[in-house]
1. Where in the stretch 1-80 are the helices (runs of 4 or more DSSP H), entirely inside, with at least 1 residues that are closer than 15 Å to Gly96 by Cα, modelled with pLDDT of 65 or more and of a type in the set (S, T, N, Q)?
2. For the stretch 1-23, give me each residue that is without any contact (Cβ under 8 Å) to a residue 40 or more places away in the chain and under 16 Å from Leu95 (Cβ atoms).
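The values are calculated or read from the model by the stated rules, or taken from the named source; none is laboratory data. Note that the coordinates shown come from a computational prediction; the quantities given were computed from them, not determined experimentally. Cβ placement follows ideal geometry from the backbone for every residue including glycine, while neighbour counts extend to all protein chains displayed.
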Amino acid sequence: MKNKRLKRQLLICLLYILIPLIIGAVASLWIKLSIFTITAIIYGIMLIFMIPSDVFFSSTLDYSIKSVNPSYKHETPDYIGGTKQQLINFAVVALGLVACLLLIWMN
């Protein structure tokens, strides 16, 4: 059971690496840019959408709720930012972005 879950997590991480590279390679044929430039753009967009929403908007949301319901008591979450797998996926995408930016900078 644990081995199957580990294989699935590795496959997901591999897809987070390969899919932007494949899309970047195909797009670089039509758009006359480097594959790494397009892939870095894709990784940047992915990174923006992978940021958990509760990190930046929790204080604004609490203020809005308090203004409507003054007796509201916010429960502090046990773990902000998602599961460990989500953090690993975020780290993989961030490292992919850094690698693409380094390859662009070196060329």
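1. On the way: elements: 2-30, 35-50, 53-68.
Filter on the stretch 1-80 gives 35-50.
2. As a first pass, look at the stretch 1-23 and keep what is without any contact (Cβ under 8 Å) to a residue 40 or more places away in the chain: 1-8, 10-11, 14-15, 18-19, 21-23.
Across the stretch 1-23, the qualifying residues are Leu10, Leu14, Leu15, Leu18, Ile19, Leu21.
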